[in-house]
Amino acid sequence: MVSVFKADSIRRNREKNYYNHIREEKEKDTVLMLSSVHFRKDLWQRPQQLAVEMARKGKKVVFLNNRSVPLNVGWNLGENGLPASIFTKTLLQGKEDNGVIVVDRIDYINDQFGNSLWVRDQYIKEFIRFYKGGDTTVLTYLPEFSEDLEPLAHNIRIYYECVDERTGDQDTKKIILKEKKLLDIADGVIVTSNTLYVHKTKSGKPCALIPNGVNYEDFLLPCEKPEQLKDMGGPIIGYAGAIAKWFDQELMVKVARMNPEKQFVLVGKIFTDISMLELEPNIHFLGTIEYTKVPTFMQHFDVGIIPFKIDDLIINTNPIKYFEYLSSGIPTVSTPLPELIKEPNCELAETAEEFSYLIEKVLKNKGFKRDLDYLKDKTWSKRAHEILGFINPKTQLSNSRERTLKNILDKYEGYKGGMPLLEILKIEIYQELGMVENAKELFMNHEKKFKDICLPIQLKLCLQWEDYERIANLLITEMGNDHDVKFWRDKGTDFLKMIAYRKIGEFEKALNLANVLLEKETAVNEEIGNINFEIGNYTLAARHYVTSFAKKQMMKTKEGTENFSIIASNMGRMKLSEHLKSLFR
C-alpha cells in the first residue's frame, strides 16, 4: 500500500511536471495561424500541411479554424458586460492534432433573450494573448482579419499568406479595402504563384514566392486498386480535387466524347451544377475521399488531368494536384495554367482537340519516370523551412524584385501557344520592368484577342499610359453600358479616370478624385454613390443618390439609377424603385 506521503509526493511531482510543460510551451517560438480552412472538416491542403511541418520543426503552432462555433450565455447581453474570462474555456479546449494545437473560433456570443454580440475582434486578441510565447508570429490567410489585427500590429509580427487573388471576385469588392489594410500593417507577404508575386510586391512590403508542395513519400508505397476502379475498362484518365466554377465542364464533355473508350474519373467534392457532366457515360464521380486515400486512386490513374478554365481567377493558381500526380508516377495533361509552363512531365492544351491528342500521346509514352530529385525540392517540409526563414527577423532573406520578374517573364516567353491571357501577363511584367515601349507594342499586336480578358489589368495599363480612348472602350466592355461611359467621357478625361479607378478597385483614389470633380459636376454624387454601393456602404450610397435625384427627380447615369433602385426596393420604397427603373427603359 502506497503511503500518504508517497502519494502526496507523486501528486506534487505530476503538478510540477505539468507546470514545467506549460512554461516550456510558453517559452517556445510560436506561429499562430489564422486559417482559411478547418483543420479537419475541409480538404487537407496548404494550411494544414504547413502547420504540421512547422510543428515538426519544433515550433508551437496554434491553428485557428475558419468556422465560428456558437457561444451561448445565461445572462442578458443587453444589460451585463462580458467577464474577462469569457473565452478561457473555449481556448482551453484547444486539442492537439499531429503536433498542432487546433482551436475553434468565436465570432458571436448569444444569450437566451435573443441578443447577439459580435466579439471576433476581442476573441482574436484574447487568442493571441493566450497562446503567444517566445518569438511569436501571426500568419493570416484572410484579409478579413485586418481590422481584428490592426490594434495588435505594434507589438506582434504579422505575415499575410496570400494563396489566391480573392480581390478579383466581383462579389467581394470590400475585400480589396481589407487586403489593403492588411498589407499596410503586415511585416511581409508570402505568395504561392508568379502572378500573385507580380501584384502583391507592388505594396512595397517584403515578399516571398513560396509555391505549394507535396509529401511525395505518401505516394510511393504501392496500393491495391480501389474497388471503384476495378471494373473500369480502358485507360483511366483521372482528376482529384474540387469540382467548382473553375472546372471547365464544356472542355471535359468534348474530350470525353472524343475518347469513348477511355474512362474519366473525377474524385473530389462538388461545389457546382454538374448536370452537363452527368450525361456522359464515361465520366464517373467518386465523391470526396480522405487525403490519406488519395494516393490509392492516383496510382491507378493512367493520366492525371487539370481541366481548368483559363480566366482571371485561375491564373493565380499553383495546383497541388500536379505535384501529387507526379509523385504518383503519372503524367499530367492540363489547360495552360501559367504556373505549369515549363514544368516536367506536364503537357499543356488550349483546346479539346489538343487535350485529347496529348492524353493519347502520354499514354503511348512508356518512358515516364518519377523525378525524385525534383520532388525532394518541393516537399512541404522544405516549404515550411522557407516560410520560417522568411518570417524570422534574424534570417529574413531579401530578393530582387527585378530579377524575379525577369525570371517569370523568361518562363512565360518559353510558352509557344497562343494564349491571350498570358500575353497580358507578359505586358504587365514589361511595364513593371520599365520596358514601356515593349509593353505597348505587345498590347497593340494582340489587342483584338484580349476582349474581356483580365480587364482590371488592361485598365491599369491604359491608365499608366494615359490612353483614354482605350480606357473608354474597356469601360464599355466591362460595364456593358455605353450610355454612362459616353456621359463621363464628354465631361473630360478626369471623369473617365474616376470610373476606371473604381473598376480596378482603387476606391480611395476614385473617392479622392470624385470629391475634387464634385465641384465641377453635381452628377458626380451618383459616382460617389456607386463607389460606396460597390464596397457595401449602402447608407452612404443612398445619401449621394438622393442628393443627385432630389432636384429634378431624375438621374444622369444608368448604373447609379439601377443601384439606387435596388436600395429603394430593399428599403420597401417600391414606388420610388419602380420610378427609377422606368428612367432608362
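The values are calculated or read from the model by the stated rules, or taken from the named source; none is laboratory data. It should be emphasised that the depicted structure is a prediction, and the values quoted were computed from it without experimental measurement. Please note: Cβ atoms are built from the backbone with ideal geometry, for glycine as well, and neighbour counts cover all protein chains shown. Areas reflect the complete protein model, heavy atoms only, side chains present, ligands, DNA and RNA absent. Shrake-Rupley method; radii C 1.70, N 1.55, O 1.52, S 1.80 Å.
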Note on region 47-76: residues surrounded by fewer than 18 Cβ atoms within 10 Å (Cβ to Cβ) and either at negative phi or in contact with a strand residue (DSSP E or B) (Cβ under 9 Å, 6 or more places away or on another chain) (or both) are Arg56, Lys57, Arg67, Ser68, Val69, Pro70, Asn72, Val73, Gly74, Trp75, Asn76
Sort out which residues of region 548-565 are part of a helix (DSSP H, G or I) and open to solvent by 80 Å² or more (accessible area, probe 1.4 Å), and write them in order of number. Glu562
Taking the stated definitions as given, is Ala472 of a type outside the set (S, T, N, Q), touching a helix residue (DSSP H, G or I) at 6+ places or on another chain (Cβ under 8 Å) and under 25 Å from Glu562 (Cβ atoms)? yes
Inside region 265-282, the number of residues satisfying the requirement of being more than 17 Å from Lys309 (Cβ to Cβ) and either surrounded by 15 or more Cβ atoms within 10 Å (Cβ to Cβ) or without any contact (Cβ under 8 Å) to a residue 40 or more places away in the chain (or both) is 8
Can you list residue pairs whose Cβ atoms sit under 7 Å apart, with the first residue in region 64-77 being under 21 Å from Tyr131 (Cα atoms) and in contact (Cβ under 8 Å) with a residue 60 or more places away in the chain and the second being of a type in the set (Val, Ile, Thr) and part of a loop (DSSP other than H, G, I, E, B)? Count only pairs 6 or more apart in sequence or on different chains. Asn66/Val37
For region 291-358, please list each of the strands (runs of 3 or more DSSP E) lying entirely inside it that holds at least 2 residues being of a type in the set (A, V, I, L, M) and touching a helix residue (DSSP H, G or I) at 6+ places or on another chain (Cβ under 8 Å). 303-306
Looking only at region 344-367, count every residue that is open to solvent by less than 50 Å² (accessible area, probe 1.4 Å) and farther than 24 Å from Leu221 by Cα and tell me the total. 7
Ser400 meets each of (1) loosely packed, with under 15 Cβ neighbours inside 10 Å; (2) in contact (Cβ under 8 Å) with a residue 24 or more places away in the chain; (3) among the small types (Gly, Ala, Ser) with one exception, condition (2)
Go through region 290-315 and report how many residues are modelled with pLDDT of 90 or more and either under 21 Å from the mean Cα position of the chain (by Cα) or among the hydrophobic types (A, V, I, L, M, F, W, C) (or both). 10
Could you run through region 189-225 and say how many residues are in contact (Cβ under 8 Å) with a residue 60 or more places away in the chain, over 15 Å from the mean Cα position of the chain (by Cα) and either at positive phi or in a loop (DSSP other than H, G, I, E, B) (or both)? 10
Answer yes if at least one residue in region 215-232 is surrounded by fewer than 18 Cβ atoms within 10 Å (Cβ to Cβ) and touching a Pro at 6+ places or on another chain (Cβ under 7 Å), and no otherwise. yes
Which residue out of Lys416, Lys460 is out of contact with any helix residue (DSSP H, G or I) (no Cβ under 9 Å at 6 or more places or on another chain) and either part of a loop (DSSP other than H, G, I, E, B) or under 30 Å from Leu518 (Cβ atoms) (or both)? Lys416
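Residue-wise test of (1) in contact with an Asp or Glu (Cβ under 8 Å, 6 or more places away or on another chain); (2) part of a strand (DSSP E or B); (3) surrounded by fewer than 19 Cβ atoms within 10 Å (Cβ to Cβ).
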| residue | (1), (2), (3) |
| --- | --- |
| Ile128 | no, no, no |
| Val138 | no, yes, no |
| Tyr159 | yes, yes, no |
| Ile175 | yes, no, no |
| Glu179 | no, no, no |
Residues to consider are Leu580, Leu496; find the one that is over 32 Å from the mean Cα position of the chain (by Cα) and either without any contact (Cβ under 8 Å) to a residue 60 or more places away in the chain or open to solvent by less than 80 Å² (accessible area, probe 1.4 Å) (or both). Leu580
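When the residues of region 353-366 are filtered to those that are in contact with an Asp or Glu (Cβ under 8 Å, 6 or more places away or on another chain) and touching a residue at least 40 places away in the same chain (Cβ under 8 Å), which remaining residue is nearest to Pro420 (Cα to Cα)?
Filtering region 353-366 for residues in contact with an Asp or Glu (Cβ under 8 Å, 6 or more places away or on another chain) gives 358, 361-363.
If we keep only those that are touching a residue at least 40 places away in the same chain (Cβ under 8 Å) too, we end up with 362-363.
Numbers: Val362: 26, Leu363: 29 Å.
Of everything passing the filter in region 353-366, Val362 is nearest to Pro420 (Cα to Cα).
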Which of the numbered conditions does Phe285 fail, given that it passes all the others? Conditions: (1) among the aromatic types (Phe, Trp, Tyr); (2) buried (at least 16 other Cβ atoms within 10 Å of the Cβ); (3) not in a loop (DSSP other than H, G, I, E, B). (2)
